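Student: Attaching a single structure in structure tokens format; questions to follow.
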Amino acid sequence: MPDWLSALASGGLTAAAGLAAGGAPLHIFPLAFALGGVFLLAQRRGWLRPSPHSMWRDGAATLVFSLLVVLFAAATGGPNSPLLCVLTLPILLATLCYGMRLGLWTSLGMAAACALLFLAHGTHLRTAPLGPALVLMFSYPVTAIFADILRGQMETRLQILDTEKQDITALLDMSQMMESAIDLDMTLNLILLNVQQHCECRVCAVYLKSADGRTLELRAASSQRGKISLLPAFPIDEARREIRDLTDPPQAALILANIDPGAAAFACLPLASVEGLLGMLYVGCSEANELTAEIVLKLEQIAIYSVFPLQRVLLQQDFRTLAYSDPMTGLDNFRQFEETLADEMARAERYGRPLSLILLDIDHFKSFNDTLGHPAGDALLGQLGVVLRNCLRNVDRPARYGGEEFVVICPETGEREAYLIAERIRRSVEETAFALLEKRSGETRTSEETTRVTVSLGCATFPRDARTARELVKCADLALYAAKAGGRNTIRTYEESISPAAV
């Protein structure tokens, strides 16, 4: 409703009340609309907002309003007016808007005005018709005191609401930031950052459920006091909501108490969605009194708001794994291999560094499948993926190229180094006893029997053998074909494959 319409409505209602109380229209209408005008002017000019530099302005506004109210009471019968209670309105307004001091001065002024009303109508104070007049006048300061108490309670409540609003706004901002996070690391760092903003903790950490679902593993931690050693993992059965003061009798039997041995108190809050437990938020404090009920409530809100963004990035991570990894071997699939090779080729070309590619194929794999069955062949591929990961460097990227063929990208690697890596692969495969599968009671399980296989390998190097990714793969494939033709279980480089001896 517009402020002018509100002032007009209040003036009209005041006039109606004055007429109903028996006041003369000639007196009532000007006073009623004058009161409405004062309210409109005060609202538009901000007179109802206290300021340390507006003492005289506030006093003048209160005085004008008080005089109008006194005249209104006098116009409706003076001490016999049924609207004598309106004399408390200036007291309430002054106390609620400007404070106790102005409210008490206003109450004294209204008590004096009340006495004048009685005297002006020839009524003695001791024979006032509405009761003892002195009691009525003394009630005005009491009204100011109770109004100030009400004002204090309102201010306290407003401060609490403002604090809660700020907390909720901070949590919403945190949730929006985590919604924009593009990966798991960024999401975890945002969770820890928000914990540190709301709690002066010794350390905070996030544990996530492991791949087998049996343990919670440390995935991210943050501390403002340098590096702190935390428990790397613990059984998932121990994960639960726990707020504990470790200055009490020793808690040695509690695994959660051993996450940070230097903490005097800790809070463990589960990160759980409707689908189950995702992980746990751990907060350790140096002093037991740092984990107040208010801090714990904020930490629980952070944990709640963190669940959905965390679940989203975990699902995205799972989808990426499904899209870019081979389910049988756990290595990169062909799509991921192409992207990685393009990136490594661009980097090698930019910095003038060598890049080698090793292509390998299982010897006589078709005969192996025909003899032992395709499930045994699938099991062999999975075990070969483990062998490759174990015998390669951290910078090397193995991938399943297709069928029984595998490929390894070797950054910063020349022809001689690539040959040594290929020899290490060949020897590791040759010396590994691969477990077979057997069927018992309709179930396929690992057998105690083992078998051995060999691989043939072809190597090509950028920029010596090829200038593009496609040419590098083609050169490695030609080298692999030469290794197959040379008797298998052997290695050929591209240079060897095009020499007259290889032909």
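No value in this document is a laboratory result; all are computed from the given coordinates. None of the values given here were measured: they were computed from a predicted structure. Ideal geometry is used to build each Cβ from the backbone, glycine not excepted, and the neighbour counts take in all protein chains shown.
Student: In whole percent, what relative contact order does region 184-321 give with Cα contacts below 8 Å and a gap of six or more residues? Before the final figure, lay out the partial values.
Tutor: Details: 236 pairs, mean separation 36.0, N = 138.
Computed over region 184-321, the figure is 26 percent.
Student: Something else: Just want the answer: with Cβ charges of +1 for Lys and Arg and -1 for Asp and Glu, which residue in ALA342, ILE362, GLY352 is farthest toward the dipole's positive end in region 319-368?
Tutor: Farthest along the dipole direction, towards plus: GLY352.
Student: Which of the trypsin sites (Lys or Arg not before Pro) found in region 322-395 are loop residues per DSSP with 15 or fewer other Cβ atoms within 10 Å of their Cβ? Walk me through the numbers before you get to the answer.
Tutor: On the way: sites: ARG335, ARG347, ARG350, LYS366, ARG389, ARG393; in loops: ARG393.
Here the sparse-neighbourhood loop sites are ARG393.
Student: Working from the alpha-carbon coordinates of region 334-497, get Rg over Rh, Rh being the Kirkwood radius. Show your work: numbers first, answer last.
Tutor: On the way: Rg = 16.5 Å, Rh = 16.3 Å.
That ratio equals 1.02.
Student: How large is the dipole of region 257-341 about the Cα centre if only Lys and Arg carry +1 and Asp and Glu carry -1, each at its Cβ, rounded to the nearest 20 debye?
Tutor: On the way: 4 positive and 11 negative charges, 31 e Å.
With only Lys, Arg, Asp and Glu charged at Cβ, the dipole is about 160 debye.
Student: Rounded to two decimals, what ratio of Rg to Rh does region 184-321 give with C-alpha atoms and a Kirkwood Rh? If you can, show how the numbers build up before the last one.
Tutor: Details: Rg = 14.3 Å, Rh = 15.1 Å.
Reported Rg/Rh, Kirkwood definition of Rh: 0.95.
Student: May I ask which residue of ALA469, CYS391, THR493 lies farthest towards the positive end of the charge dipole of region 334-497, with charges of +1 (Lys, Arg) and -1 (Asp, Glu) on Cβ and the Cα centre as origin?
Tutor: ALA469
Student: List the trypsin sites (Lys or Arg not before Pro) in region 172-279 that DSSP assigns to loop (not H, G, I, E or B) and whose Cβ has at most 11 other Cβ atoms within 10 Å. Which are they? It would help to have the intermediate numbers written out before the result.
Tutor: Numbers: sites: ARG202, LYS209, ARG214, ARG219, ARG225, LYS227, ARG240, ARG241, ARG244; in loops: ARG202, ARG214, ARG225, LYS227, ARG240, ARG241.
Of the trypsin sites (Lys or Arg not before Pro), the ones in loops of region 172-279 whose Cβ has at most 11 other Cβ atoms within 10 Å are ARG214, ARG225, LYS227, ARG240.
Student: Need the list of lysines near LYS366 for cross-linking: C-alpha distance under 19 angstrom, and skip anything on the same chain fewer than eight residues off.
Tutor: Of all the lysines, those that pass the test against LYS366 - Cα under 19 Å, at least 8 places apart if same chain - are LYS484.
Student: Now a separate question. Cβ under 13 Å from MET280's Cβ, MET280 left aside: what net charge do those residues give with Lys, Arg +1 and Asp, Glu -1? Mind showing how you got there, number by number?
Tutor: Numbers: positive: LYS209, ARG219, ARG240, ARG241; negative: GLU217, ASP237, GLU238, GLU242, GLU300.
Net of charged neighbours comes to -1.
Student: Summing Lys, Arg as +1 and Asp, Glu as -1, what charge do residues with Cβ under 10 Å from the Cβ of ALA257 carry, ALA257 excluded?
Tutor: So the environment of ALA257 carries a net charge of -1.
Student: Give me MET178, MET328 ranked fewest to most by other Cβ atoms within 10 Å of their Cβ, as a rough exposure proxy.
Tutor: Values: MET178 22, MET328 15.
The fewest-first ordering by Cβ neighbours comes to MET328, MET178.
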